1. To make sure I understand the rule: partners must be lysines, Cα under 21 Å from the Cα of residue 39, and not fewer than 8 residues away in the same chain. Which ones qualify?
2. Which angle from 0 to 90°, rounded to the nearest 10, does the C-alpha axis of helix 103-112 make with the longest principal axis of the chain?
3. Starting from the Cα-Cα distance between residue 276 and residue 236, subtract it from 0.36 nm times their residue separation and give me the gain in nm to one decimal.
4. Can you tell me which of 67, 184, 108 moves the most in a GNM of the chain? Springs connect C-alpha atoms under 10 Å apart.
5. Can you give the angle from 0 to 90° between the axis of helix 232-242 and the longest principal axis of the chain, with both taken from C-alpha atoms, to the nearest 10?
6. With each label point set 7 Å from Cα along the Cα-Cβ vector, what nm distance links residue 179 and residue 250?
7. Starting from the Cα of residue 206, step 7 Å toward the Cβ, then list every residue of region 228-253 with an amide N under 13 Å from that point.
8. Please give the contour-minus-distance gain from residue 68 to residue 87: 0.36 nm per residue of separation, less the Cα-Cα distance, rounded to one decimal in nm.
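Since every read-out is calculated from the coordinates, none of them should be taken as a lab result. None of these values were measured; they are calculated from a predicted model. FYI the Cβ positions are ideal-geometry reconstructions off the backbone, even for glycines, and counts take in every protein chain you see.
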Amino acid sequence: MTDFLSVRDVSAEDFTTIIDMAIKIKQNPQLWSDRLKGKTLGMIFQKTSTRTRFSFEVGMTQLGGHAIFAQNQHTQLGIADMADEGKVISRYVDLIMARMTHNRDLVALADGAEVPVINGCDELYHPAQALTDLMTIKETLGHTEDVKIVYLGIANNVSNSLSMASVYSRAHFVLCVPEFDPPAIDEEQLDILRDTGYYEEIADPAVAMKGADVVYTDTWINMEYFDDPAFAEEKERRITTFGPYQVNEALLNLSGRRTLVMHCLPAHKGYEVNETVLYHPDSVAFEQAENRLHAQKALMLWLLGEL
Ligand code: CP
Ligand code: NVA
């Protein structure tokens with residue numbers, strides 16, 4: 001039984017298989033329309049979501065199965081042992097997807113669970129997003145090998161998963177950030193990435209952007225802190241610190257070639273990306289959002305041995 005708590009839970013070969021299946025499923029969804037008949041996905045959310053919630057639930061419906069949506073505060077997860085709850089939930093469902101605030105809670109849930117568990121985004125990783133991102137690049141450019149992906153802004157859960165997924169896909173990943181989101185620092189993964197020859201850290205956006213095939217950015221403030229009054233001062237500091245890393249037309253022009261614009265969404269226009277670039281003809285941000293559906297259908301089929 002395999003979980004998908006981080007990209008590294010699967011091999012590079014399996015990651016590519018899932019992406020290729022996602023592209024096929026998108027082209028011909030009816031071929032898989034009853035493959036998960038009678039199966040149930042349990043979805044647990046400690047944090048808010050639009051894309052993850054809709055795409056997993058609709059994905060399960062389109063595969064002939066069913067999804068249960070549970071907000072954490074309406075469950076006993078807050079007062080019970082996480083592993084016990086994972087064990088119990090997996091007696092009812094065939095697959096679990098959880099968006100937890102802390103990775104340690106997700107790991108505990110998965111330790112107790114007797115069915116595969118998917119990470120729906122915690123403070124360290126967002127692997128389902130990264131699967132979609134590499135699928136979108138492959139679908140748009142026809143390949144991922146030797147594609148130069150530049151990630152600008154804050155190093156966080158999204159860049160952690162995207163960097164590993166890029167290296168798995170033999171794309172060149174450049175991290176162009178002034179700092180890391182402290183809870184997202186993963187030294188073990190950084191050591192692995194730095195040894196691959198596919199990963200670089202370049203602080204200057206003008207240098208990093210040269211020859212970029214893809215530029216990717218994400219919010220400078222994660223969802224759980226966005227409207228938190230206790231985070232207001234840090235939010236202001238980040239707006240100043242990360243301002244020079246905004247993805248805008250001037251930055252896009254630095255690549256000297258056609259550059260796809262990517263964003264996991266939700267976007268904060270005027271901060272990490274400006275409006276012109278988000279809606280630029282080379283922006284695939286909304287295709288990415290759609291592809292969550294197709295990529296996760298392939299992921300669920302693969303985890304359940306149905307690909
Ligand atoms: N990209 C993403 O995970 O979006 P949601 O937070 O809306 O699920
Ligand atoms: N880094 C963002 C990703 C949103 C999908 C967050 O954690 O809020």
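1. The reachable lysines, counting only those whose Cα sits under 21 Å from residue 39, are 26, 87, 297.
2. 30
3. On the way: separation 40, 0.36 × 40 = 14.40 nm, distance 2.33 nm.
This chain segment gains 12.1 nm when fully extended.
4. 108
5. 50
6. Going by the 7 Å Cα→Cβ label model, 2.3 nm.
7. The answer is 251.
8. Working: separation 19, 0.36 × 19 = 6.84 nm, distance 1.63 nm.
Stretched out fully, the residue 68 to residue 87 stretch lengthens by 5.2 nm.
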